[in-house]
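Following: one structure in structure tokens, then a few remarks.
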Amino acid sequence: NGPAVPAEPKAAGKDARPAPRRDLISIDDLSLAEIRGLFHHADRFAKDLRQWSGVLPGRIAASLFYEPSTRTRLSFESAMLRLGGGVITAADMKTSSAQKGESLADTVRVVSGAYSDIMVLRHPSEGAARLATHFSEVPVINAGDGSHEHPTQTLCDLYTLWVERGRLDGLEVALAGDLRHSRTIHSFIYALARFGANIVCVPHHGLELPDYVVKRLRESYGAEPVRADASRLGALAEASDAVYITPQKPHQLSLFTDSAALPVKHVDAVYMTRMQTERHLEAKDESAYMRLGPQALQADSLRDAVVMHPLPRRDEISADMDSDPRGVYFKQASRGVPVRMAILAWLLGELELAGEPAPPP
Ligand code: CP
């Protein structure tokens, strides 16, 4: 077995009481200091993923996935195994007793406790992960609940920005694609707003941010949406013409920023998302969906932007982007392992993060 985490041991006096259980359901469950703390530990884990098998020996993570996944489930399971723990997994709930009509609450009651020490849950219903916390005896991690949130993807995304850009504060980030149904966008935009980013939304027509997300950005983060005149976007507008393949343009270009900051002259990252057809109530014409490749990034404002994507992609990012150094989406997916190692070790009480926790939801 490799070492535990002796370099920065927890402060534990003989009178220390166990800390209250933490769950990770929304990105807002974490303070900004805690997010930075997780990245500090992710950096340590990433230096050599193979030397941490002494951190969580004997602990078990349960994966409950009511929806398909490749990256989230496998990177969590890899993270747990690399930390020396074990994994039990229900990767296809069609082969579980959910198929016989068992409620989520009953499944969570059974799988937490004796079966596992931490639970990773993906579910098609918004709010399912929060509901699970009421029935679970162990920490619950939201691995995606419907169109709502996907906080651990956001931690991988923010970590990638931190590594690639060297900072998290005050970035300029363009979010493109299906902003309505993409849960990764929703968690990401809340975190970006808290880090003071200027966010350019470049939605596919009809797939703009949901009203409840805009309301929360406005009320909780003081962000003010500005319906930007394309001409005020300068070089970025040229780029969005190139990014879009669409019958109507320009689409809604909303800037959550101080209008005095317009036009955006330099974009740090373009975050592309696929059309989330599994959540669409009516079929949309996918042939009209935006496509992004190196030719769409020639505008000055985008010349050194990194291109991110939570994956899986279809063809909204062209294959010739894969060999372009600005395309960082496969690195983003790899970083899921050290980031999730830090999340698991922290929620299981083996790491301390600096800073105050976020206020309760
Ligand atoms: N990004 C992401 O959530 O990928 P999976 O659906 O493969 O887990």
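Peptides 172-180, 325-333, 208-216 ranked from most to least packed, by the mean per-residue count of other Cβ atoms within 10 Å: 172-180, 325-333, 208-216. Within the range 319-351, find all residues whose amide N lies under 19 Å from a label point positioned 7 Å from the Cα of Q295 along Cα-to-beta-carbon. Taking a point 7 Å out along Cα→Cβ of Q295, the residues of the range 319-351 whose backbone N falls under 19 Å are 319-327. Taking amide H as placed 1.01 Å from N in the peptide plane, the amide H of G85 sits under 5 Å from that of L56, each at least 5 places away or on another chain.
Once the 1.4 Å probe is applied to the protein heavy atoms, the range 47-173 comes out at 40 Å² accessible per residue.
The HN-Hα couplings worked out from phi for the range 283-295 by the Karplus form 6.51 cos²θ - 1.76 cosθ + 1.60 (θ = phi - 60°) are 5, 10, 6, 6, 5, 8, 6, 5, 10, 10, x, x, 5 Hz, whole numbers, x standing for Gly and Pro. The label-point distance for T70 and E352, in a model that sets each label 7 Å from Cα toward Cβ, rounds to 4.1 nm.
Inter-label distance, E278 to D211: 2.8 nm, where each label sits 7 Å from its Cα along the C-beta direction.
Net length available on complete extension from K331 to R21 is 108.5 nm, with 0.36 nm assigned per residue and the Cα-Cα distance removed.
To put it simply, the accessible area of the range 277-361 at a 1.4 Å probe is 53 percent carbon and sulfur. Amide H to amide H distances under 5 Å link V200 with V173, A174, L175, where only residues 5 or more positions off or on other chains count and H is placed in the peptide plane. Split the accessible area of the range 61-185 by element, probe 1.4 Å, and carbon with sulfur accounts for 51%. According to a simple spin-label model (label point 7 Å from Cα along Cα-to-Cβ), what is the distance in nm between R50 and E164? Taking the two extended label points, one gets 2.8 nm. For V120, the residues whose modelled amide H falls within less than 5 Å of its own, excluding neighbours fewer than 5 places apart on the same chain, are A62, S63, L64, I141.
Put the Cα centre of the range 110-167 next to the Cα centre of the range 270-290 and the gap is 24 Å. What net charge do the residues around P151 carry, taking every other residue with its C-beta under 13 Å from that of P151, with Lys and Arg at +1 and Asp and Glu at -1? Summing Lys and Arg as +1 and Asp and Glu as -1 gives -1.
Which peptide among 106-113, 281-288, 269-276 comes first, and what is the full order, when sorted by highest mean count of other Cβ atoms within 10 Å?
Descending packing order for the listed peptides: 269-276, 106-113, 281-288.
The values are calculated or read from the model by the stated rules, or taken from the named source; none is laboratory data. Just so it is clear, the structure is predicted and the values come from calculations on it, not from any experiment. Using ideal geometry, Cβ is built from the backbone for each residue, glycine included, and neighbour counts are taken over all protein chains shown. Calculation scope for accessible area: heavy atoms of the full protein, side chains included, ligands and nucleic acids excluded. Shrake-Rupley method; radii C 1.70, N 1.55, O 1.52, S 1.80 Å.
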